[in-house]
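The values are calculated or read from the model by the stated rules, or taken from the named source; none is laboratory data. Here the structure is a predicted model, which is why all the values come from computation and not from measurement. Reconstructed Cβ throughout: ideal geometry from the backbone, glycine too, with neighbour counts over all protein chains shown. Each accessible area value is taken on the protein alone, full model and side chains, heavy atoms only, with ligands, DNA and RNA left out. Shrake-Rupley method; radii C 1.70, N 1.55, O 1.52, S 1.80 Å.
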Amino acid sequence: MSDKSTNLEPAILVIFGITGDLSQRYLLPALYHLVKDGLLNSQTVILGISRRDVSVDELFEQVELCINEVDKTCDPAVMKEIRERTDMFQMDLEDQAAYRALHEKLDAIETNQGVCMNRLYYLSVPPKAYAPIVRLMGEAELNKSCRHDRADTRLLVEKPFGYDLQSAQELINETVKVFKEEQIFRIDHYVAKETVQNILTFRFKNPIFESLWNNQHIAGIEISQREDQGIAGRAAFYDPLGALRDIIQNHLLQILGIVTMDQPDEFSSQQIHAKKQAVLEQVEPVPIDQVKQRAKRGQYKGYREEVNNPDSATETYAEITLFINNPRWHDVPIKLLTGKALNERKAEVDVAFHGHETSTTNRLRFRIQPNEGIELELITKKPGFSYETQTTTMDFSYQNNFGDSGHPNAYERVLVDAIRGDRTLFSTSQEVLLSWRIVQPLLDAWSKNADDLIIYEPGIADPEKSQ
């Protein structure tokens, strides 16, 4: 990571559930790299919240911080520094007195540092715990800091934000009683990936493509996320959700907004969110009478045994086709697709352009994972005397152009932007509600019965071929 111009202010990063899976797999390794690259303010403190009595040494003994390093080995000097920056705080998340004690702990940290510090509360806990924690935080005035007139105390929450449209609205209503909208950072690590961010730059800084970005030139768009693994031991989390809620409602609809939004007047967080919200408002939910034609769902064989639920109708594969009711995108089908236990691990945006013949359609792909990059398929003539054509790919790869350290990973970006208060990559309340509005008719239809649930073989490319 080469950008050292972040100029972050001093901060206390309070991680609820620091011993949990998400923290150990993503947050702590990301913080290690931010410390290694000198991107955190020297006075930044990491405060881990745990129900159990866990020491700093015990915490870091449990974490493979450097699994992604070339030699899988941590730098001893960086490990020493991140340990010194970290403190632990044991508390019962249901005890009001514990939140008052946490307030005193944060005040003591600021006193020791001799400076007011941004306070970030990262809820790395099950979604059902969000509302009770936020309510108790409000009662203990943890939504404030020593600079009460500024929004420098921030709440970071992971998806899913709600279970359906009604629960999302209720959760938003409860949260805004304690934190202002500008203090709430709803995390979507997919949007923080470099390729997703680059879609906006690619579109709006390259007029040759922006002039073609409409239904006169684009025949269809597919936004997909495929995994070759199953639920990987996440039964308690996954079975109540399913693919539609887990991936499409948040990740893929956020990417849809980025791919199809109009150009903002300026590249500011406020303008980007306004344009994204505008296009999400124009996405038409699948009509009830078209659900079977425009939505597919499947479940891989063996899933029910994994979750120990022989009657589970939870989909591990979901595919929906949407349309946007505006002049730019009228009649352009946009397919959103996600699945587990498929034939490959891949996430991409595939834009198909109209061609003079069906065999000569150009395609533009944004590879989100793996091998992040952008590729453009063109029709070229084969060498020789006869006039034969072939498809040739022009390929831009982040790995080839920038190497392993060319850009920060998604959670490094999330943490840096949250500390500096940049909300561009975080979903607003309105975007969350609009996304639930789009998928709610499908949730309602699928809840009635599972007659259309496809049981597919693990490792297959297209679940429909299992039928």
query = List the cysteines of the chain that have no other Cys Cβ closer than 4.7 Å: which are they?
reply = none
ask   = In region 35-52, which residues have a backbone nitrogen under 11 Å from the label point lying 7 Å from residue 75's Cα in the Cα-to-Cβ direction?
value = 35-39
query = In debye to the nearest 20, how big a dipole does the chain give about its Cα centre with +1 on each Lys and Arg Cβ and -1 on each Asp and Glu Cβ?
reply = 540
inquiry  = Between region 251-299 and region 156-189, what is the separation of their alpha carbon centroids in Å?
reply    = 19
query = Rounded to the nearest 0.05, what FRET efficiency do residue 131 and residue 354 have when you use their Cβ-Cβ distance and R0 = 51 Å?
reply = 0.60
message = Could you give the length gained by full extension between residue 452 and residue 392, i.e. 0.36 nm per residue of separation minus their alpha carbon distance, to one decimal place?
response = 17.7 nm
key: Where labels lie 7 Å past Cα in the beta-carbon direction, separation of residue 216 and residue 112 in nm   = 6.4
Net charge, residue 418 excluded, C-beta distance under 14 Å - Lys, Arg +1, Asp, Glu -1 = -2
key: Area of residue 265 that stays accessible when all protein chains are in place (1.4 Å probe, Å², to 10)   = 130
remark   = The ³J(HN,Hα) series, computed from each phi in region 425-439 with the Karplus coefficients 6.51, -1.76 and 1.60 at θ = phi - 60°, rounded to the nearest Hz and given as x for glycine or proline, is 8, 10, 6, 7, 4, 5, 5, 4, 5, 5, 5, 5, 4, 5, 8
key: Relative contact order, percent, region 288-368 [alpha-carbon distance under 8 Å, six or more residues apart]   = 20
request  = Using the Cα centre as the reference, give the magnitude of the dipole from point charges on the C-beta atoms of region 135-204 (Lys, Arg: +1; Asp, Glu: -1; all else neutral), rounded to the nearest 20 debye.
outcome  = 220
key: Total charge dipole magnitude, region 32-119, about the Cα centre, Cβ charges on Lys, Arg, Asp, Glu only, Debye to nearest 20   = 200
query = Taking +1 at the Cβ of each Lys and Arg and -1 at the Cβ of each Asp and Glu, which of 43, 62, 414 sits farthest along the dipole of the chain towards its positive end, judged by Cα position relative to the Cα centre?
reply = 414
remark   = Summing +1 per Lys or Arg and -1 per Asp or Glu among the other residues with Cβ less than 15 Å from residue 123's Cβ gives +2
remark   = Within region 197-214, the residues whose backbone N lies under 16 Å from a label point placed 7 Å from the Cα of residue 7 along the Cα-to-Cβ direction are none
ask   = Excluding ligands, DNA and RNA, what is the solvent-accessible area per residue of region 196-237 at a probe of 1.4 Å, expressed in Å²?
value = 46
Per-residue [θ]222 nm for the chain (sum of -39500 (n - 2.57) over DSSP H runs n ≥ 4, rounded to 500) = -9000 deg cm²/dmol
key: Contour excess over end-to-end distance, with Cα ends at residue 462 and residue 376 and 0.36 nm allotted per residue   = 28.6 nm
request  = Lys and Arg at +1, Asp and Glu at -1: add these up for the other residues within a Cβ distance under 13 Å of residue 104 and post the number.
outcome  = -1
ask   = Between residue 88 and residues 5 or more places away or on another chain, which pairs have amide H atoms under 5 Å apart, with H built 1.01 Å from N, and which residues are they?
value = 48
note = Taking placed amide H atoms and a strict 5 Å upper bound, the residues 5 or more places from residue 220 or on another chain that come that close are 352
ask   = Can you pull the percent of the chain's accessible area that's carbon plus sulfur, 1.4 Å probe, other chains left in place?
value = 47
note = The relative contact order of region 312-354, taking Cα pairs under 8 Å that sit 6 or more residues apart, comes to a percentage of 34
task = Could you check what % of the DSSP bridge pairs in the chain are antiparallel, to the nearest 5?
result = 55
Kirkwood-based shape ratio for the chain, expressed as Rg/Rh from alpha carbons = 0.98
remark   = Expected unfolding gain across residue 201-residue 424 under the 0.36 nm per residue rule, minus the alpha-carbon gap, is 78.9 nm
query = For residue 57 and residue 301, what does the FRET efficiency come to when R0 = 45 Å and r is the distance between their Cβ atoms, rounded to the nearest 0.05?
reply = 0.55
inquiry  = If I take every Cα pair under 8 Å that is 6 or more residues apart in the chain, average their sequence separation and divide by the length, what percent do I get for the relative contact order?
reply    = 18
